[in-house]
Amino acid sequence: MSPRKLLRIFVVDDEYVIASTTALILRHCGFDASFFTAPLEALKAAIAEPPDLLLSDVVMPQLTGVELAMQLRAHCPSCKVLLFSGQANTANMLANALAEGHVFDLLPKPIHPDALLRKIEFLVGHNPSSPAHADPPTGVQLDGPR
């Protein structure tokens, strides 16, 4: 059995700590995750080498996450999109995108890593800890106490 390709995820958030920490968590869970703090840099990288999933904040300078998602999908139609936001004004942006035929899932910030991983698995049907992948490194606990 040949190993499955690692799911390539782009994490985009203008807050460095959020973007880098989220990508780190995803890498520890078996994903090929890269982070960007500038939406235009993420778009440029996506055109060069498309991700399987875009995980983006909504409210950012240069481009909103919604605008980034629409432009990325124009170049990479198969890319899944998952948006997250801690701001209430995102509903209007999503409604405008929907009016143009774009449907995006939205998660509230802050989001627990378990909830994020479940949503990613649901969106892409991919479980990074399946037998085709190595187990996540020890010391990374996402479930909390049992």
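Overview of results
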{"item": "Tail fraction, Cα-Cα pairs, region 8-124, threshold 19 Å, whole percent", "result": "38 percent"}
{"item": "Sorted by Cβ neighbour density within 10 Å, fewest at the top, the residues 76, 29", "result": "76, 29"}
{"item": "Theoretical FRET efficiency, 1/(1+(r/R0)^6), r = Cβ-Cβ of residue 99 and residue 40, R0 22 Å, to 0.05", "result": "0.35"}
{"item": "Semi-axis lengths (Å, descending) of the ellipsoid that matches the C-alpha gyration tensor of region 42-83", "result": "15, 11, 8"}
{"item": "Local electrostatic count at residue 87 - Lys and Arg +1, Asp and Glu -1, tallied over other residues with Cβ under 13 Å", "result": "-3"}
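Rule-based calculations on the coordinates, nothing more; no lab input. Bear in mind the structure is a predicted one, so any value in this text is a computation, not a measurement. Using ideal geometry, Cβ is built from the backbone for each residue, glycine included, and neighbour counts are taken over all protein chains shown.
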